[in-house]
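**Student:** The structure is given below, and queries will be raised subsequently.
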Amino acid sequence: MPPCLDVGHRRTLRLENAYVPVCCLPQNTPIPNTTIDSLALVDIDIADGFVTGIFADGVRPTYSDAHGGVVNMRHGIVLPTFVDLHTHIDKAQTGERSRNIDGTLSGADRSTASDAEFWNQEDVYRRMDFSLKCAYAHGTSAVRTHLINMAPKQIQLTWPCFQLLKEKWKGKVELQGVSLVVLSFFRDLEAATELANTVAAAGGIMGAAVCCAENGGDPDDDWTTCDRDRDILLDRIFTLAKERNLDLDFHVDENGNERAKGLLYIARKTIQHGYQGRVVCGHCCSLCYQSPQDLEVTMEATREAGITVVALPLVNQWTQDRDQRGQRTPRWRGLTLLHELRSHGIPVAIASDNTRDQFYAYGDLDMLEVFNQACRMAHLDRPYKDWALTVGSVPADAMRLPQHGRIAPSLPANLVLFKGRGYSELLARPQWDRVVLRNGVPIDAEVPDYRELDTVPNERRYTADQPVLTLGPADPPSNPPRSPSSGSITSNDAAFSKQPPVDERDSVIAALNAKVSSAANQVMRSSNHFTIGWWVVLANSMVLVCAAILAVRYFGSTEEQLDSVAT
C-alpha cells in the first residue's frame, strides 16, 4: 500500500495543519483551541532531523525556507513514535509450531515448554529480529522484552541474542531486556546471584513473576505466590537489584483471584527498600476482584512506591476467564483497572505483551492496534483526554528514555503520520499507509514476510486442518533445527538435546510421555484436594504408561525410552 503522504527526503520540512494530542506537546506550547478529544491543530517545523518549532493555528510564522518542503497534513493526526514497555520477543512467532490447545494460561505454560526442542541461537535470534522488524515498521522506537531465564541454558541463550540485537538495532529501536523467572527461583541464592550478575553485565533489568499462576494468591501456589517465604524472596530480589543498581520489572497477579495481591506486596517492598520510581508491574488483573477496601490500600501503596503499572489488553482478554472446553463465553475482559489507577496518580502504560505465541495467538507489535483495542475494551474514549501518553511518554519514562514518546523542540523528529483526522478515523481502520519519520526522514521499512520464519519441520507446522499431535510416520525434516549448545524455555534442560521425532516409534513415545506430564501438571494445578489430585494423577499415569508399554512392544524400543516413559 502506498504511503498516505509524500514527505520526501528534505533537510528542512514543515508539517502543516496536523492534529496532535495536546498531552504529547510541551506544556508551554500556546494552544488557543482544542477539539473535544484534546487534539491541537499545529504546524511542526523540522530541520536536520530535529523538531525546531511547534506553532498553533493562528499564531504560526510564515515558512520561508526556500530549500524546505511543506506537507499539508489536512488535519491528519501526528503522534510521537511508540514505546512498547512489555513484550516477549524471545518466544514470539512460536504459537503455531507448539500450539496452546485450550488457550488458557496453564495451557500456554505447557505448550511453551513443548516448544523447547526447537530453540537454538539461530532460531531465537531470527524470531527476535523478526519481531523488531515488525515494531520498527509500525512506528515503535523503543521496546522492552522479557527473556525466559528459568534454566541455565535459557540464560546462556537469550542474553547473547539480546545483546547482538541491541547493537544491531541501535538508533532504530532502543531495546531493553528483563530476566523472567518465577518468585520461587530466588530460593537458590547461588543461581539468583549468578542471574543478577548476567543481567547487570548485559545492562538489563531484573524481574520475577509474583502471584501470577492461574491459582496465584493461593497458599498452594508455591511457584509464584510462595506464602511461606515470600518476604524473604522479595527482599532477596530487591537486595540483588540494589547492589547492582538495576531497575525491576515484575509480572504480577495475572489471574482473576481475589487472593492474588502481588502488587501490594511489591509496593510495600519498594517503599521499604527505598526503590521508588524504579519498579514496573505488568498485568495486575486481579485488582478487578479486590474489595473496595483492599483496592484502596493497594493503590495507595502503589502510588507511594512510584510504581508504573502496564496493562496488556490483547493478551489478557485472550487468556483470562477462558473456558478450556470452549463452551462458555467469558464474563470479564481481563484488563486491570486503568481508570482507577490513573485517578490515584499511578503512571499507567499499555503494551503489546506476547505476539503469535502460546499466550496470544495474534498480534504484530503494532502499538496503534494495542492502543486501539485498549480504547475499546477499557472505554478510554469518552473523552480520550491524555490516554495517548500510555503508549508514549509514560512507558518512555519507565524505561528512562526522555527523548522518546514526545514531540518537542530540540527532540529528534521521530513521528508517525496518519491520514485519519481525529481518533474516530484513526482507530476505525488499521492505518497501513502511515508514514514513519525517523530523524525527520521517512523510513522505507515494511513488515516482514512470515515466510522468513519457515524453518520448522513440516510435522510441527500446524494448520487448521491438521491434527495437533500426529502419531503416524513423518518424513525427516529437510532442514532440522540444530541441537542447541545453550538455551531453553523450560526449567528442564533435557529438552534442549531433543530433536523433533522423525519416525513413528519416537513420535508415539514422545506423545505419551508428554501426555503423562501434562496430565499430572493439569490435575495438580486445578485440584483443591491434595489427596484426590494424587490419586487422579496416579490413575492417569498408570493408564498412559500401560499404553506406552504396549506401543513400545509393538514398535520396538530402547531401554532408555522405556525409562523415559516410566519416569
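The values are calculated or read from the model by the stated rules, or taken from the named source; none is laboratory data. A quick note: this is a predicted structure, and the numbers were derived from the prediction, not measured. Positions of Cβ are backbone-derived with ideal geometry, glycine not excepted, and every protein chain shown enters the neighbour counts. Heavy atoms of the whole protein, side chains included, go into the accessibility calculation; ligands, DNA and RNA do not. Shrake-Rupley method; radii C 1.70, N 1.55, O 1.52, S 1.80 Å.
**Student:** With the checklist (1) over 25 Å from residue 49 (Cβ atoms); (2) out of contact with any Asp or Glu (no Cβ under 7 Å at 6 or more places or on another chain); (3) in a loop (DSSP other than H, G, I, E, B); (4) not hydroxyl-bearing (Ser, Thr, Tyr) in hand, flag the one item residue 377 doesn't pass.
**Tutor:** (3)
**Student:** Spot the failing condition for residue 423; the list is (1) modelled with pLDDT of 95 or more; (2) touching a helix residue (DSSP H, G or I) at 6+ places or on another chain (Cβ under 7 Å); (3) hydroxyl-bearing (Ser, Thr, Tyr), and only one is missed.
**Tutor:** (2)
**Student:** Spot the failing condition for residue 109; the list is (1) surrounded by 24 or more Cβ atoms within 10 Å (Cβ to Cβ); (2) under 30 Å from residue 325 (Cβ atoms), and only one is missed.
**Tutor:** Only one criterion is unmet by residue 109, namely (1).
**Student:** Counting only residues that are touching a residue at least 40 places away in the same chain (Cβ under 8 Å) and surrounded by fewer than 24 Cβ atoms within 10 Å (Cβ to Cβ), how many does the stretch 401-413 have?
**Tutor:** Restricting attention to the stretch 401-413, the residues satisfying the condition of being touching a residue at least 40 places away in the same chain (Cβ under 8 Å) are 401, 404-413.
The next check asks that each one be surrounded by fewer than 24 Cβ atoms within 10 Å (Cβ to Cβ); those that pass are 401, 404, 406, 408-413.
Looking only at that region, the number is 9.
**Student:** Continuing with this model, one more query. Can you tell me which condition residue 379 does not meet? The list is (1) open to solvent by 10 Å² or more (accessible area, probe 1.4 Å); (2) within 19 Å of the chain's Cα centre (by Cα), and all the others hold.
**Tutor:** (2)
**Student:** Can you pull out the residues in the stretch 63-81 that are of a type in the set (Gly, Ala, Ser), modelled with pLDDT under 90 and assigned to a loop (DSSP other than H, G, I, E, B)?
**Tutor:** Taking the stretch 63-81 first, the residues of a type in the set (Gly, Ala, Ser) are 64, 66, 68-69, 76.
If we keep only those that are modelled with pLDDT under 90 too, we end up with 64, 66, 68-69.
64, 66, 68 - these are the residues of the stretch 63-81 that are of a type in the set (Gly, Ala, Ser), modelled with pLDDT under 90 and assigned to a loop (DSSP other than H, G, I, E, B).
**Student:** Suppose the filter is small (Gly, Ala, Ser), within 23 Å of the chain's Cα centre (by Cα) and surrounded by 22 or more Cβ atoms within 10 Å (Cβ to Cβ); does residue 203 pass it?
**Tutor:** Working: small (Gly, Ala, Ser): yes; within 23 Å of the chain's Cα centre (by Cα): yes; surrounded by 22 or more Cβ atoms within 10 Å (Cβ to Cβ): no.
In short, no.
**Student:** What number of residues within the stretch 23-44 are crowded, with 19+ Cβ neighbours inside 10 Å, touching a residue at least 60 places away in the same chain (Cβ under 8 Å) and of a type in the set (A, V, I, L, M)?
**Tutor:** Summing the residues that are crowded, with 19+ Cβ neighbours inside 10 Å, touching a residue at least 60 places away in the same chain (Cβ under 8 Å) and of a type in the set (A, V, I, L, M) in the stretch 23-44 gives 3.
**Student:** Say whether the condition of being in contact with a Phe, Trp or Tyr (Cβ under 7 Å, 6 or more places away or on another chain), at pLDDT below 95 and either on the phi < 0 side of the Ramachandran plot or acidic (Asp, Glu) (or both) is met by at least one residue in the stretch 212-221.
**Tutor:** Within the stretch 212-221 (the criterion being in contact with a Phe, Trp or Tyr (Cβ under 7 Å, 6 or more places away or on another chain), at pLDDT below 95 and either on the phi < 0 side of the Ramachandran plot or acidic (Asp, Glu) (or both)), the answer is yes, since at least one residue qualifies.
**Student:** Quickly run through the stretch 152-170 and pick out the residues that are in a loop (DSSP other than H, G, I, E, B) and open to solvent by less than 60 Å² (accessible area, probe 1.4 Å). I'd like the intermediate steps shown before the answer.
**Tutor:** If we filter the stretch 152-170 for residues that are in a loop (DSSP other than H, G, I, E, B), which is where we start, we get 169-170.
Once the filter is applied, which keeps residues that are in a loop (DSSP other than H, G, I, E, B) and open to solvent by less than 60 Å² (accessible area, probe 1.4 Å), the stretch 152-170 yields only 169.
**Student:** Another question, if that's okay. Could you tell me whether any residue of the stretch 491-502 is at pLDDT 60 or above and surrounded by fewer than 16 Cβ atoms within 10 Å (Cβ to Cβ)? Quick ask: steps written out before the conclusion?
**Tutor:** So the first thing to find is which residues in the stretch 491-502 are at pLDDT 60 or above, and the list is none.
Looking through the stretch 491-502, none of the residues is at pLDDT 60 or above and surrounded by fewer than 16 Cβ atoms within 10 Å (Cβ to Cβ).
**Student:** Let me ask another. So the check is Cβ under 6 Å with 6+ separation or different chains; which pairs have a first residue in the stretch 168-195 that's closer than 15 Å to residue 224 by Cβ and a second one that's open to solvent by 20 Å² or more (accessible area, probe 1.4 Å)?
**Tutor:** If the second residue must be open to solvent by 20 Å² or more (accessible area, probe 1.4 Å), the pairs left are 181/150; 182/223; 184/223; 186/236.
**Student:** Another question, if that's okay. Residue 395: part of a loop (DSSP other than H, G, I, E, B) and touching a residue at least 60 places away in the same chain (Cβ under 8 Å), yes or no? Let's see the steps before the verdict.
**Tutor:** On the way: part of a loop (DSSP other than H, G, I, E, B): no; touching a residue at least 60 places away in the same chain (Cβ under 8 Å): yes.
No.
**Student:** Scan the stretch 398-436 for residues that are over 20 Å from residue 17 (Cα atoms) and under 25 Å from the mean Cα position of the chain (by Cα) and report the count.
**Tutor:** Of the residues in that region, 12 qualify.
**Student:** Next question, about the same structure. Could you please let me know if residue 236 is closer than 19 Å to residue 305 by Cβ, at pLDDT 95 or above and open to solvent by 40 Å² or more (accessible area, probe 1.4 Å)?
**Tutor:** On the way: closer than 19 Å to residue 305 by Cβ: yes; at pLDDT 95 or above: yes; open to solvent by 40 Å² or more (accessible area, probe 1.4 Å): yes.
Here the answer is yes, as residue 236 does meet what is asked.
**Student:** Only one of 127, 74, 99 is of a type in the set (Lys, Arg), within 30 Å of residue 311 (Cβ to Cβ) and open to solvent by 50 Å² or more (accessible area, probe 1.4 Å); which?
**Tutor:** 99
**Student:** Something else now. Test residue 231 against the stated conditions and say whether it is acidic (Asp, Glu), surrounded by 15 or more Cβ atoms within 10 Å (Cβ to Cβ), farther than 26 Å from residue 166 by Cα and over 23 Å from the mean Cα position of the chain (by Cα). Show your work before the answer.
**Tutor:** Details: acidic (Asp, Glu): yes; surrounded by 15 or more Cβ atoms within 10 Å (Cβ to Cβ): no; farther than 26 Å from residue 166 by Cα: yes; over 23 Å from the mean Cα position of the chain (by Cα): yes.
So residue 231 does not fit the description; no.
**Student:** Here is a further query. Provide a single number: the residues in the stretch 339-364 that are open to solvent by less than 10 Å² (accessible area, probe 1.4 Å) and either within 28 Å of residue 302 (Cα to Cα) or basic (Lys, Arg) (or both). Break it down stepwise before answering.
**Tutor:** So in the stretch 339-364, the residues open to solvent by less than 10 Å² (accessible area, probe 1.4 Å) come out as 341, 346, 348-355, 357-358.
Okay, now just the ones that are also either within 28 Å of residue 302 (Cα to Cα) or basic (Lys, Arg) (or both), so 341, 346, 348-354.
The number of residues fulfilling the criteria is 9.
**Student:** Filter the stretch 175-197 down to the residues that are among the hydroxyl-bearing types (Ser, Thr, Tyr) and surrounded by 17 or more Cβ atoms within 10 Å (Cβ to Cβ), then identify the one that is nearest to residue 140 (Cα to Cα).
**Tutor:** Kept after step one, since they are among the hydroxyl-bearing types (Ser, Thr, Tyr), are these residues of the stretch 175-197: 179, 184, 193.
Within this subset, residues satisfying the condition of being surrounded by 17 or more Cβ atoms within 10 Å (Cβ to Cβ) are 179, 184.
Numbers: 179: 22, 184: 34 Å.
Ranking the qualifying residues of the stretch 175-197, first place goes to 179.
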